[in-house]
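Notes for the one structure printed next.
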Amino acid sequence: MVKLLSKNALARNTAWMSIGHGLRLVIQATYFIVISRSLGVTNYGAFVGVVALAGVLSPFGALGSGALLIKSVSRDNRLFASTWGMALITLAVSSSVLIGTLLLLSQFALPAVIPLRLVLLVAISDILGLNLIGVACQAFQAFERLKWTATINVLTSASRLVGALILVLIQRHPSALQWGYVYFGSTLVVATTAYRLVSTKLGPPTLAFVRRPAEIREGFYFSVSLSAQTVYNDIDKTMLARLSTLSATGIYGAAYRLIDVSFAPVSALLAAAYPNFFRQGVAGISSTLVYARILLKHALGYSALTCVGILLCAGAVPYVLGPEYARTAEALRWLAPLPFLKALHYFLSDTLTGAGYQGLRSAIQTAVALFNVFLNLWLIPAYSWRGAAWSSIASDGLLACAVGTTVFLLESRQNRQSELARVAP
């Protein structure tokens, strides 16, 4: 194993990300239990609703700068200083506009009982702070130095846990707004640390905005993709807060959070493999698909076992989170297939991205996001959090089918073109 890790960059980086995700899992689990129990299901639901709404706009904060940085640097690391600088400028300008937009949007999308100050604190934290942290992680990812990516991710969770413990010691049952201040402060500390780490370890930025129109367009595609992903993953929490109750939002939000935690090992593999999809993509989608198939069989095996484990162990949730979350066990069982579906469509989607079909990937994800919203509008008023769960399963299943069909058609076209090129005189 030591020999494999020393020679195989993917294995080494996956190991680093797995270690990081493992530590982060323990920290997040503790942090999640502390916050969910201390806030209670209603306050937790209010906070989750705000975070879900911020998540829709957050991907446009960096306009795909992190993904463009990985793509450029993975092929030519001399471009780092300029792409790092462009990412920071883009983030500063775009985030300023989006924070104001979110404050206006919240007046219509969230119930009036949620204070505007909480929306502002989450907006700055998630649109500016988390985007800066994310781009910093992607900078190390571009150089395949995922030890530092994992470190930053662990710091993010650890700072929130420390903040949560301090808050609970001061205020046994804090409000959502009080937790918002802690959330903001912890994000600010990690964002500052992440910026200094990148500038020290990889080099300072060159602050000159010289991005070509084609890069701006591709960066927008990345942002649309991430925003659509947030919509079909998280907009149901905001819609539950508006169309149902904050209690239902807390029940469902807790279940979905546990699904995200269970998916962490696959996320580690996806992060480690991401730069290689761009390298494989130089040879077309057939090459990226071959690469994806090698990884996908392991991810699907793990996800299938996770699904079974969730179905068997969901009943333990109320004993951990408290009796207020008794119905979270049922919600968790409904969501159990999600890790399998997510593993399938994430790897196939990265196959499209690596081969240069990010625009097509974004279009498919946007269509699924719209499908999810309309389905939620129908199901949530009638079935509350159960409707949100059914909508999530349907949306992820549709996405897996749509992306899989698209990859198959594109690969078939490339193979036909290659065959014609070989037989042509």
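The values are calculated or read from the model by the stated rules, or taken from the named source; none is laboratory data. For clarity, every value in this text was computed on a predicted model and none was experimentally measured. Heads up, the Cβs are rebuilt from the backbone with ideal geometry, glycines too, and the neighbour counts pull from every protein chain shown.
Within the range 232-330, considering only helices (runs of 4 or more DSSP H) that don't extend past its boundaries, which have at least 3 residues that are out of contact with any Lys or Arg (no Cβ under 8 Å at 6 or more places or on another chain) and closer than 30 Å to SER74 by Cβ?
246-262, 264-281, 285-313
Within 22 Å of SER244 (Cβ to Cβ), part of a helix (DSSP H, G or I) and either more than 17 Å from the chain's Cα centre (by Cα) or of a type in the set (Val, Ile, Thr) (or both), is that true of GLY55?
Considered against the rule, which asks whether it is within 22 Å of SER244 (Cβ to Cβ), part of a helix (DSSP H, G or I) and either more than 17 Å from the chain's Cα centre (by Cα) or of a type in the set (Val, Ile, Thr) (or both), GLY55 comes out as no.
Counting only residues that are crowded, with 19+ Cβ neighbours inside 10 Å and of a type outside the set (A, V, I, L, M, F, W, C), which one in the range 106-136 is farthest from LEU202 (Cα to Cα)?
Going through the qualifying residues, I end up with SER106.
With respect to ARG12, determine if the residue is crowded, with 16+ Cβ neighbours inside 10 Å, modelled with pLDDT under 70 and in contact with a helix residue (DSSP H, G or I) (Cβ under 7 Å, 6 or more places away or on another chain).
yes
Anything in the range 347-372 that is under 15 Å from VAL224 (Cβ atoms) and among the β-branched types (Val, Ile, Thr)? List them, or say none.
Once the filter is applied, which keeps residues that are under 15 Å from VAL224 (Cβ atoms) and among the β-branched types (Val, Ile, Thr), the range 347-372 yields THR353, ILE364, THR366, VAL368.
Being of a type outside the set (D, E, K, R) and at pLDDT 80 or above narrows it down to one residue among ALA92, ALA29; which is it?
After ruling out the rest, the residue left standing is ALA92.
Could you say which residue among PRO318, PRO339 is in contact with a Phe, Trp or Tyr (Cβ under 6 Å, 6 or more places away or on another chain) and crowded, with 22+ Cβ neighbours inside 10 Å?
PRO339
Given THR206, THR193, THR249, THR230, which one is touching a residue at least 12 places away in the same chain (Cβ under 8 Å), within 25 Å of THR306 (Cβ to Cβ) and surrounded by fewer than 22 Cβ atoms within 10 Å (Cβ to Cβ)?
Only one candidate qualifies: THR230.
Could you tell me whether any residue of the range 372-385 is more than 21 Å from SER303 (Cβ to Cβ), surrounded by fewer than 19 Cβ atoms within 10 Å (Cβ to Cβ), under 19 Å from the mean Cα position of the chain (by Cα) and of a type in the set (Val, Ile, Thr)?
Yes, the range 372-385 contains a residue that is more than 21 Å from SER303 (Cβ to Cβ), surrounded by fewer than 19 Cβ atoms within 10 Å (Cβ to Cβ), under 19 Å from the mean Cα position of the chain (by Cα) and of a type in the set (Val, Ile, Thr).
Considering only residues that are at pLDDT 90 or above and either of a type in the set (Phe, Trp, Tyr) or touching a Cys at 6+ places or on another chain (Cβ under 8 Å) (or both), which ones fall in the range 292-337?
TYR302, TRP334, ALA336, PRO337
Could you please give the count of residues in the range 168-181 that are crowded, with 21+ Cβ neighbours inside 10 Å and either modelled with pLDDT under 90 or of a type outside the set (Phe, Trp, Tyr) (or both)?
2
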